[in-house]
Each structure stands twice: as structure tokens, then as C-alpha cells.
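The block underneath contains the structure these notes are about, expressed in C-alpha cells.
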Amino acid sequence: MPPEVLAQLPTGLLIDGQWRPSTSGTTFAVEDPATTEVITEVADASSEDAAAAMDAVARAFPEWGAVAPRERAEALRAVFDRMTARADELAAVVTAEGGKPLAEARAEVAYGAEYVRWYSEQAVRVDGLARRAPAGTNHQVVMHKPVGPAFAITPWNFPIAMATRKIAPALAAGCTMVVKPAQLTPLTTAFFAEIVREVLEERGLPTGVLAVVPSSSARRVSEPILGDPRLRKLSFTGSTEVGRTLLKSAADGILRTSMELGGNAPFLVFEDADVEAAVQGALAAKMRNAGQTCVAANRFLVHSSVAEDFAAGLVAAFEKLVVGHGAAEGTTVGPLIEAAAVDKVEELVAAAVDRGASVLLGGERPDRRGYFYSPTVLTGVDREAPTVTEEIFGPVAPIVTFDSEEEAVALANGTEYGLVAYAFTRDVNRSFRLAESIETGMLGINRGMVSDASAPFGGVKSSGLGREGGEAGLEEYLDSIYLAI
Ligand code: NAP
């Protein structure tokens, strides 16, 4: 990371609009996964710090909730402008702590900023309803108000976008928020939070509306916050396993929850597909962040008549990828996030090979420092292999063949997850049939990317509850009040 960017990064806890050290006086190290070198040390929030952060956002809530929507909107727009002006610096931080190539980090910053712009535009568009009651005896008026202080827990794979996807709608709606970033990537969130703090301060708005508490122990921070009766909302992005635990904790406080959890995206290539377009779509859906995205294509389900062409195209496309440090010129695939991630990918590939899969490309760790794994294509993969049934979170593309649409849909649905699916077909009728028959929150037709700040992002089944982005993302932070008059 450029030294001038590192020098400006806040490394404390943001509570009450002030950056401060942990009450325990301790810190934890943040590492560059491409080199395993320590970038810097960050304050390690204690349970007292977490309680103080919760208290700060609870105190800030009445004032922020009363700020005019237009003022909230304009503050968010100023945050968007500043993020955009500082996009290169933000991207450098994303790459340093998360490993993704700079071009992808810039794309993430732009995507993350879009949530801020979208919710700056939505803050003044909270509609209500008025109508005569069916019995004719009175009128019904429905109004909306912010749910209250909220808590966000974010993952490491999109440290800026997953933060803005929660913070922007919360602030737009009039909620205040404590954020616990992932331990592996707290720096990007701190940079963003400082931009928010500066903008609020310059505009004379309450700076305590956003608190940030990085910690080496997620539970130490989350327990006091979840146990505070003033908390009204929990928004989590991460694994299904942790989501389940958090839902149980949220039950005690009867909290509103948004859960963006794991995925196991099927990528279907039908016999009538444009195979070259499918290969390009596969590259986008599989290789962003070295395969470490919740929307990563996890299983390539390909009609047997085009499977050979598709596999050859994928190998040719993967061969052109350049593995390296995300900040190095020309890199298109960075490292995985940590050593355990490489171990897991290695195990999943070995399990597929044990069950008869062929390795067409990759299948090994490149000989270099850092947490790297080579882009890998597997064919003849057993449908029950863990490579197919589990979230890979690495640059591995397992190809499974099918012979009919019915079989493809059954394979696609044969998982507890339902976040996103991709399908390549030239048949419009089939596209709509798939939207009806595939159990998923999102479906990309002839494209390998679906995310858009203005669209509802989220899953069904074990992939989560609620939606982020679009109009729905704001509703997650609003309560309705029905007035009978
Ligand atoms: P994770 O292990 O579930 O961690 C996510 C966040 O939860 C981190 O901040 C983590 O803190 C925290 N956490 C862990 N255990 C906790 C506990 N007991 N109580 C409270 N917080 C706890 O997931 P991850 O490995 O960071 O992220 C990858 C997963 O996220 C994948 O399954 C991926 O599909 C999913 N994801 C989903 C979406 C979506 O929109 N659906 C988007 C991105 C990622 P620490 O950092 O301290 O562990």
C-alpha cells in the first residue's frame, strides 16, 4: 500500500464520532495475504468498547432520525462524491488487506459507492399510503419511520461494498449503526467510516451515528451489542453457519434481521447456448476475487453436447489469467484470504479427484509466497463430491454434465442454498421457465454478473433472509405505523 495512504488510515475504534484506542490497550495485526507481511496493527475492541459503541449510536438515534430526509440525502451524496474522489486510495487499501487485483478493487469501490449514491437518492422517496377503510368508517394512513439503532457484521470478501450496502440504507432511513468489520479486513471500513465522519462533521450533523469496532473476537463484540435492549436491527453478511447462530441470538431481542449468507451457485450452459459467451460469463462469475464471492459460480452444469467445447474454452480462458500480487501490473488473480482457505480448496480438489475427476488445468499451489492457488478446471466431477456440494471459495471450476432441462433444474436445486444462479440459453421461454423453477433469489441470463445497487440482492433457503439494494434495501430499515383516523 502506498505509504501516504497507510499514514492516513485510522487504526482505532470509532465511537461517538472520535477515533480512540481500545480500553484494553491491545491491538491485532492486519496482514497482506499476497505476502503474509503485517500491514499495520488495529485497536482490538473489548466488550466494554462494544457496549460504549452501542450506547453512542443509541444516544445519536433520536437526533439523526429527526434530521430532514433531504439533509440525510445530501450528506450521503457528499460521501459518494468523496469516495469517488478518493477511489484510488480506497482501492489500494482493499487490495492490500484483501488481496484482490487493483482493477477489481476499483470496481468494488465503484460498486460500494453506488449503494451510497442510490440511497442518497432514495432517502427522500419513502412513500406512505392513505385510503378509505373498506367499511367506509374511517381512513387508514400508513407512515414509515426508522427502525432504530442497528448492528452490522460484515465479511472480508467485499470489505467496502458489504459495508456501504448496510450503512447507506441505514443512514438514509434515519437509523444509526455499529459496524463490526471482519477481523481480516478492518482497514477499508475504517477509511470509509472516516469519510462519513468528516462529511457529517463538516455539515454540523451528529457524528456519533456511525460506530466501528474491529476486534480479534467477534463474539466479544457482538454479545454485548445483541444483548442491549435498545438495539432494533441486525444486518449480517457471512457464512450460513454464523448466520444461524446470530439468528438465535437475535430471537432474544425480537430483532429485525437481514441475513446475506452462503451460496452454491449453479452455472447452467444449455445445448442452445452461445458457448463463447458462456465462457466469458463463467470467467466473470467464477474468478472475481479468485472465486471468493458469495455469488461465485460453484458448479458448472453443462449440457453433454457442448461440455467438451465449454471445458476447452474455459481452460483457454483460465490459461491467460495472471496470478500475482493484486497491486502488481497485469495481475488478474490475487491470493486467497488466508492459509486455511488454500488448505480447504486443496482438500476439495483432492476429494473430486478421488471420486474420478480429471484435472484439465491447475490443481496445485503456485510456488510463491502468500496464500495462492492456481486457476483450476475439473471435468467428470461426481455430483456428490464435496467440490460440488460445498461452497468452494477458490479459483476452481468443477464441470458436471446433464442431458435435459429437467435434470439441470433438479441438479441446480439439489442444495440447501439459493442465492444466485446463472443460465446460458438462447431460448427466452426457457429463461422464464428457469426463473420459475430454480430455487434462487437471483438469476443471471446470459451474463455472469447480477449485482447492482438498485436491484434487490439476496437469497432463499439457507442463503438468507431479506434483501439489500434497491427499494427493498431501505425497507429493511423502516417500520410502518398505521394510523386509523
Ligand atoms: P463468517 O466467518 O461468517 O464471518 C463473517 C463475519 O461474521 C465476520 O465479521 C466475522 O468476524 C463475524 N463472525 C464470525 N463468527 C461470529 C459470531 N459467532 N458472532 C458474531 N459474528 C461472528 O464468513 P466469512 O468467511 O467472513 O465470509 C464468507 C462467507 O460470507 C461465505 O459463506 C459467503 O458466501 C458469505 N457472503 C455472503 C454474501 C451475501 O450477500 N449473501 C456476501 C458476501 C459473503 P471475524 O472476522 O472476527 O471472524
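Based on what the data block shows, is GLU194 part of a helix (DSSP H, G or I), away from the ligand (no atom under 14 Å from the Cβ) and of a type in the set (D, E, K, R)?
yes
Residue check, VAL199 against (1) surrounded by fewer than 24 Cβ atoms within 10 Å (Cβ to Cβ); (2) part of a loop (DSSP other than H, G, I, E, B), all met but one. Which one?
Against the list (1) surrounded by fewer than 24 Cβ atoms within 10 Å (Cβ to Cβ); (2) part of a loop (DSSP other than H, G, I, E, B), VAL199 comes up short only on (2).
Look through region 427-447, keep the residues that are in a loop (DSSP other than H, G, I, E, B) and β-branched (Val, Ile, Thr), and return whichever of them is least open to solvent (accessible area, probe 1.4 Å).
Quick first cut of region 427-447, residues in a loop (DSSP other than H, G, I, E, B) only: 427, 438-441, 446-447.
Imposing the further condition that a residue be β-branched (Val, Ile, Thr) reduces the set to 438, 440.
Details: ILE438: 10, THR440: 29 Å².
Once the filter is applied, the top-ranked residue is ILE438.
Among the residues of region 448-485, which ones are assigned to a loop (DSSP other than H, G, I, E, B), open to solvent by less than 20 Å² (accessible area, probe 1.4 Å) and within 15 Å of the ligand (Cβ to nearest atom)?
ALA453, GLY458, GLY459, SER463, GLY469
What's the total number of residues in region 248-263 that are open to solvent by 10 Å² or more (accessible area, probe 1.4 Å), within 11 Å of the ligand (Cβ to nearest atom) and either more than 26 Å from THR440 (Cβ to Cβ) or aliphatic (A, V, I, L, M) (or both)? Spell out how you get there, then give the answer.
Narrowing region 248-263 to residues open to solvent by 10 Å² or more (accessible area, probe 1.4 Å): 248-249, 251-257, 261.
Now restrict to residues that are within 11 Å of the ligand (Cβ to nearest atom): 248-249, 261.
Pick out the ones that are also either more than 26 Å from THR440 (Cβ to Cβ) or aliphatic (A, V, I, L, M) (or both) and you get 249, 261.
Residues flagged as open to solvent by 10 Å² or more (accessible area, probe 1.4 Å), within 11 Å of the ligand (Cβ to nearest atom) and either more than 26 Å from THR440 (Cβ to Cβ) or aliphatic (A, V, I, L, M) (or both) within region 248-263 amount to 2.
When region 214-225 is examined, which residues are found to be within 9 Å of the ligand (Cβ to nearest atom) and buried (at least 21 other Cβ atoms within 10 Å of the Cβ)?
PRO214, SER215, VAL221, SER222
As an exercise: evaluate VAL279 against (1) aliphatic (A, V, I, L, M); (2) within 21 Å of GLU384 (Cα to Cα); (3) open to solvent by less than 10 Å² (accessible area, probe 1.4 Å) and give the number of the one condition it does not meet.
With (1) aliphatic (A, V, I, L, M); (2) within 21 Å of GLU384 (Cα to Cα); (3) open to solvent by less than 10 Å² (accessible area, probe 1.4 Å) applied to VAL279, the lone miss is (2).
Among what's in region 300-316 and is closer than 21 Å to GLY334 by Cα and open to solvent by 10 Å² or more (accessible area, probe 1.4 Å), pick the residue that is nearest to the ligand (Cβ to nearest atom).
Selected residue: VAL315.
Return a yes/no flag: does region 133-146 have any residue that is within 26 Å of ARG82 (Cα to Cα) and at pLDDT 95 or above.
Yes: region 133-146 contains one or more residues that are within 26 Å of ARG82 (Cα to Cα) and at pLDDT 95 or above.
So which helices (runs of 4 or more DSSP H) are wholly in region 40-99 and hold at least 2 residues that are of a type in the set (Lys, Arg) and within 25 Å of LEU205 (Cα to Cα)?
Values: elements: 47-66, 69-85, 87-98.
Correct list: 69-85.
Of the numbered conditions (1) open to solvent by less than 10 Å² (accessible area, probe 1.4 Å); (2) aliphatic (A, V, I, L, M); (3) away from the ligand (no atom under 13 Å from the Cβ); (4) over 30 Å from LEU378 (Cβ atoms), ALA285 satisfies every one except a single condition; which is it?
For ALA285, the exception is condition (4).
Of all residues being more than 16 Å from the ligand (Cβ to nearest atom) and of a type in the set (A, V, I, L, M) in region 391-407, which is farthest from LEU360 (Cα to Cα)? Just the residue, please.
VAL400
Which one of LEU205, LEU231 is closer than 23 Å to GLY148 by Cβ, more than 16 Å from the ligand (Cβ to nearest atom) and modelled with pLDDT of 95 or more?
After applying the criteria, what remains is LEU205.
Whether any residue in region 402-417 is under 16 Å from SER305 (Cβ atoms), among the aliphatic types (A, V, I, L, M) and buried (at least 19 other Cβ atoms within 10 Å of the Cβ) is what I want to check.
yes
The values are calculated or read from the model by the stated rules, or taken from the named source; none is laboratory data. Being a predicted model, the structure only gives us computed values, none of them experimental. As a convention, Cβ positions derive from the backbone with ideal geometry for all residues, glycine included, and neighbour counts pool all protein chains shown. Note: accessible area is taken over every heavy atom of the protein model, side chains too, but ligands, DNA and RNA are not part of it. Shrake-Rupley method; radii C 1.70, N 1.55, O 1.52, S 1.80 Å.
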